[in-house]
Structures are given as C-alpha cells and as structure tokens.
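Beneath this line is the structure, given in structure tokens, with notes to follow.
The values are calculated or read from the model by the stated rules, or taken from the named source; none is laboratory data. The structure presented is a predicted model; accordingly, all values stated were derived computationally and were not measured. Methodologically, a virtual Cβ is constructed for each residue, glycine included, from the backbone with ideal geometry; neighbour enumeration extends over all protein chains shown.
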Amino acid sequence: MFNVNNKALKFSHFLRVDVSKNKLDIALFKGKLFLHHCIIDNKASRINKYINELKQLDGFSIVDSIFRIENTGIYNNPLLVYLHEKKGNIWLQQASRIKNSLGNIRGKHDKIDAIRIGEYLYKNRENIQLWKPKQEVALKLDRLTVVRDRLLNMRKQLTVSLDEQAESIPKSLTQLEKRICQKTLGLSKRIWKKYTGK
C-alpha cells in the first residue's frame, strides 16, 4: 500500500497510462514494484477486457488502484468514462509536466520508458490530485471550442490553398475550384451556427 495526500488515500496498485487515438500504453505497478507493460486498443470493449484480466491478479481491485492518465483531450474519453462508471481513481496529468522533469525520456524501448515514468510518478505520489468529471455545461463548452478550432482551421487551409494556386493555374480552373470549395466553406458556417445558434 502507498499513501496519498497526507495518508488520506491508500492505493495498492498504480497504473501509468499513455493515451493516443488508437492505443493505450499501460505500465502496472504494485507499490514500487513493476509488474507488467502492455499496449491495448483504445476502445471500451478492450479496456473492459483488460480490467477483467487485472482482477485475476492477487490483491487487485479497481477501487483500490489509481490510474495516472496522460491528458490527450478527446482521446481520453473511452478510458475516463469507463473508469468513472467503475468508481476508479483517476489522476489526469499533462505529459509535458513529466517530460520537463525527466528530460528526453523517449528511447527505443517503450517498456523502459514506462518503468522510468512510473518510478517518477511513484516518487511524486504526494502531489496526486484525483480527477472529477466536469459539469455538463463545461463539457459542452469544451466540445464547442474543439469544433470551432477545427472549422476555422479547415477554412484557413482551403482559403490559403486557393490563393496560392491562383497564380499557377488557369483562371477557369481557379474559378471552378472556388465554386466547389465555397460549398464546403458554407457547410462549415452552417455547422457552426447549429452548434452555437449564431
């Protein structure tokens, strides 16, 4: 067992999870002892299967474990939703904080990196702050911001591309491309209005 927040919380197992769009890179520790490293699909069904496998380990319980998760925005959602429903303890942390503390930790071996990061997090366990889901209004604002940024980026790419090509292709083709792209630009405006009412 190891203590967190002035002995207010106790956890038997610690999982360090790096998150990408399609994969979860997981290192499991029991206290300071490294148990295993694996990579699984970032899908609810695969997450459920993995947790069920962990339950076969002696002394493992999801409510007595803490999951340190690298914050990668929307890619966290499958794991966050699952753990929240199962009463899991979540420590959501920016990857940059660890990288700034350890320097260049990315080597040729994911397992070695996982162990180094896990050891660092164990040493800094007194700084753990458990994650709580945001209120519905805050979640909606976050999603609107993501949609807005994507739409603005899409419009910028289309506009810049058209302007750059205007000097190197026939005028008739330029006009045709602009007519085609205007439909996409108009669609982005309609989507934004649907989300915001503006």
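Details
- Condition met for residue 18 (under 17 Å from the mean Cα position of the chain (by Cα), closer than 26 Å to residue 123 by Cα and at pLDDT below 90): yes
- Among the residues of region 15-25, those identified as out of contact with any Gly (no Cβ under 7 Å at 6 or more places or on another chain) and in a strand (DSSP E or B) are 15, 17, 18, 19, 23, 24, 25.
- Tally of residues being of a type in the set (Asp, Glu) and assigned to a loop (DSSP other than H, G, I, E, B) across region 49-95: 1
- Number of residues in region 125-136 that are over 20 Å from the mean Cα position of the chain (by Cα) and either surrounded by fewer than 14 Cβ atoms within 10 Å (Cβ to Cβ) or modelled with pLDDT under 65 (or both): the value is 2.
- For region 26-48, a residue qualifies if it is touching a residue at least 24 places away in the same chain (Cβ under 8 Å), assigned to a helix (DSSP H, G or I) and more than 27 Å from residue 120 (Cβ to Cβ), and the qualifying residues are 44, 48.
- So residue 23, is it within 14 Å of the chain's Cα centre (by Cα) and at pLDDT 90 or above: yes
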